[in-house]
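Everything on this sheet refers to the single structure shown next.
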Amino acid sequence: GALATLFALSTGFSAFGLAALALVLLVRFGITLAITRRYTGDPAPTRFLPLLPLSDLVSFALFVVSYCGSDILWRGERFRLQPGGKLKRKPFPLSTSPRSPEISGPEATGSTSTS
């Protein structure tokens, strides 16, 4: 969907570009409808079809943005992507580590007040 939209845009929304976009959307809707009917048993499989192009555009944008950085946060651990595709663990600063949350108040000092 996203590439077909870019193609239609690049052709100045010519008849050919719009036809290609319409064909891609028709096939995408058809495949989604067939899979939804067959595997989910959803009684109203068409209710979310209007959101499908938006979902495709967001997915494409996330795909493009994924190439813009080399830091990865996975399961609470930070990594940096090295040349050659290797990951190197990066330590968290003590104050922002997700594994050692800061606790304030009586729980932090172990004291309790009974008034």
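The residues of the stretch 1-80 expose, per residue, 75 Å² of accessible area to a 1.4 Å probe.
Atom-type composition of the exposed protein surface of the stretch 1-48 places 73 percent of the accessible area on carbon and sulfur (1.4 angstrom probe). Per the Kirkwood formula applied to alpha carbons, the stretch 32-73 shows a radius of gyration over Rh ratio, Rg over Rh, of 1.20.
Under a 5 Å amide H cut-off, with hydrogens placed 1.01 Å from N, Arg78 pairs with Lys90 among residues at least 5 apart or on other chains.
The values are calculated or read from the model by the stated rules, or taken from the named source; none is laboratory data. Since the model is a prediction, treat every value here as computed from it, not as a measurement. In case anyone asks, the SASA skips ligands and DNA or RNA and just uses the protein heavy atoms, side chains included. Shrake-Rupley method; radii C 1.70, N 1.55, O 1.52, S 1.80 Å.
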